[in-house]
1. Name the residue, out of 279, 273, that is within 24 Å of the chain's Cα centre (by Cα), outside the structural domain of residue 74 (by TED's automatic domain parsing) and closer than 30 Å to residue 21 by Cβ.
2. Those residues that are out of contact with any strand residue (DSSP E or B) (no Cβ under 7 Å at 6 or more places or on another chain) and at negative phi, I need them from the stretch 323-337; list them, please.
3. Take residues that are touching a residue at least 12 places away in the same chain (Cβ under 8 Å) and touching a helix residue (DSSP H, G or I) at 6+ places or on another chain (Cβ under 7 Å) and tell me which of the helices (runs of 4 or more DSSP H) falling wholly in the stretch 222-329 contain 2 or more.
4. Can you give me the number of residues within the stretch 60-77 that are crowded, with 19+ Cβ neighbours inside 10 Å and closer than 17 Å to residue 11 by Cβ?
5. Does at least one position in the stretch 485-492 carry a residue that is closer than 16 Å to residue 103 by Cβ and at pLDDT 90 or above?
6. Pick from the stretch 46-57 the residues that are surrounded by fewer than 23 Cβ atoms within 10 Å (Cβ to Cβ) and within 28 Å of the chain's Cα centre (by Cα): which of them is farthest from residue 69 (Cα to Cα)?
7. Could you say whether any residue in the stretch 560-579 is in contact with a helix residue (DSSP H, G or I) (Cβ under 9 Å, 6 or more places away or on another chain), on the phi > 0 side of the Ramachandran plot and either surrounded by 16 or more Cβ atoms within 10 Å (Cβ to Cβ) or part of a loop (DSSP other than H, G, I, E, B) (or both)?
8. Any residue in the stretch 197-211 that is without any contact (Cβ under 8 Å) to a residue 40 or more places away in the chain and either surrounded by fewer than 23 Cβ atoms within 10 Å (Cβ to Cβ) or farther than 24 Å from residue 26 by Cα (or both)?
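The values are calculated or read from the model by the stated rules, or taken from the named source; none is laboratory data. The structure displayed is predicted, hence computed values, not measured ones. For neighbour counting, all protein chains shown are included, and Cβ atoms are generated from backbone atoms with ideal geometry for every residue, glycine included.
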């Protein structure tokens with residue numbers, strides 16, 4: 001095997017490693033799991049890309065960032081390195097080609113989202129592959145106390161073990177001490193194999209500027225026009241704000257476009273490609289943009305709205321100045337943003353009644369049961385991600401044991417006649433496939449198959465039937481579609497009292513709510529601290545700067561920012577009376593005080609959506625009023 005330095009030059013054309021990269025790779029080559037805690041732009045991706053080329057078998061990269069997958073695969077392909085992804089944007093032909101490459105060993109890196117493991121066909125594929133390295137990007141998502149907890153991450157260690165991965169690599173740019181501990185514990189990584197290079201990047205200038213809602217647009221335009229042109233990202237909280245600000249900047253002749261999750265995939269891809277190709281493009285985006293985008297010369301990152309946490313802020317400004325040149329990162333501090341940020345948090349907290357209904361439902365099931373997350377969400381008025389989190393809590397507390405998710409519906413469309421398909425098989429295999437066909441029911445051009453019923457009638461297993469369909473799909477004899485993910489659980493123990501357990505879960509949800517509100521306060525502390533802001537931010541991530549940075553707002557001005565005032569409007573009584581009248585006619589959806597307050601604040605929920613109240617003209621009519629103040633006003637009536 002060539003040396004690591006020679007391999008770096010041979011495959012990537014670099015003469016030397018960035019700080020920490022070689023140490024991480026040495027751990028992995030030595031068959032040890034490791035963690036790379038590097039600042040954004042610190043070169044985390046090389047820590048799995050180079051080992052993937054030196055190790056036998058496949059490197060599986062788990063990331064929630066489709067943009068990262070696309071950019072990295074394009075860059076690797078240009079270097080002649082075989083890399084691919086599996087996601088919902090692939091055509092049937094692309095999906096089939098990726099599976100073929102994975103199975104024949106020609107693929108070196110395969111990128112997938114964590115949700116891909118809910119796919120039983122994908123997990124079946126992994127059983128047939130040699131996985132040398134299981135790399136997890138955004139590993140902070142495993143921590144309940146992280147800023148972006150994703151329950152799917154808690155099961156990744158199990159899946160890594162199930163597919164026989166030789167070693168694990170966890171990567172993140174935003175991990176506090178507690179989150180680092182959770183990463184090591186969750187993924188079984190020894191602390192001696194954690195490589196942390198520090199947070200501070202001296203080329204980033206952090207500025208905080210007070211503004212008001214009325215003057216913010218003009219201030220942003222003035223800064224964009226006066227400063228030297230350069231690639232810029234302007235982060236906003238809401239999709240409609242992205243559209244509005246982009247339109248205003250374009251009216252002023254600035255090269256600006258909006259980007260958010262509500263846009264069609266093709267349009268998002270077009271905007272991203274435009275941004276990547278330009279040295280002056282300005283993208284006005286929700287936090288969905290920039291994650292994994294490998295553009296080295298982003299000169300400016302503006303936060304039009306307050307970031308929701310220091311972790312989000314650090315991740316977003318980390319996209320600037322990856323070429324090492326000076327870049328400006330500025331927050332336009334407007335306290336009118338607080339209502340929107342806090343309302344998102346309050347919307348994730350179920351009511352006590354909803355929690356009790358949910359717990360009672362779960363423990364009224366059979367010992368072994370399966371369920372749909374979206375049905376639970378709709379039936380109990382709890383957002384789907386919160387439902388998944390609650391089920392994870394019940395697993396962690398020993399009440400439930402999660403099983404293998406499965407698709408409730410399988411459909412296939414023959415691309416050849418049944419006679420032509422069966423002609424490729426003989427004996428028992430031919431009889432088995434013919435039996436599957438006979439159990440299916442034809443609609444128009446597609447055939448539906450009841451998997452459980454078919455397995456019983458054929459005295460076979462669900463796994464064998466799925467493998468048969470997948471084989472026919474790979475050989476271009478069938479087109480196969482799946483839908484309706486259902487999650488299996490086994491009840492390990494029942495709670496002594498469902499009411500008590502519901503109360504405990506409600507308290508836990510309220511504690512998480514308080515933690516998220518506190519994260520917003522930490523952002524406000526950064527903007528108004530009477531000391532070096534860069535040092536304050538670095539300290540949050542355990543990086544102790546010995547002296548002030550010399551280039552943040554506090555260092556440049558010698559004083560802290562004058563904190564702007566938050567203007568809280570009075571509740572319009574005439575409007576509130578109209579809302580009360582609406583409530584009387586929709587008691588099934590608006591009777592609970594918390595739900596009525598969410599409606600007035602413009603916070604969507606499954607129940608409000610089902611009742612079509614999110615399109616009512618009064619929905620969000622009091623979005624300028626703090627949630628707590630609206631609650632108090634309702635309770636006084």
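1. Details: 279 fails: within 24 Å of the chain's Cα centre (by Cα).
After ruling out the rest, the residue left standing is 273.
2. Just the residues of the stretch 323-337 that are out of contact with any strand residue (DSSP E or B) (no Cβ under 7 Å at 6 or more places or on another chain), to begin with: 323-325, 334-337.
Passing the criteria: 323, 325, 334, 335, 336, 337.
3. Values: elements: 239-251, 265-277, 310-317.
Of the helices (runs of 4 or more DSSP H) lying wholly inside the stretch 222-329, those with at least 2 residues that are touching a residue at least 12 places away in the same chain (Cβ under 8 Å) and touching a helix residue (DSSP H, G or I) at 6+ places or on another chain (Cβ under 7 Å) span 239-251, 310-317.
4. The qualifying residues number 4.
5. no
6. Keep residues of the stretch 46-57 that are surrounded by fewer than 23 Cβ atoms within 10 Å (Cβ to Cβ), which gives 46, 53-57.
From what is left, the residues that are within 28 Å of the chain's Cα centre (by Cα) are 46, 53, 57.
Working: 46: 13, 53: 17, 57: 19 Å.
Per the stated criteria, the residue is 57.
7. no
8. To start, the set of residues in the stretch 197-211 that are without any contact (Cβ under 8 Å) to a residue 40 or more places away in the chain comprises none.
No, the stretch 197-211 has no match at all.
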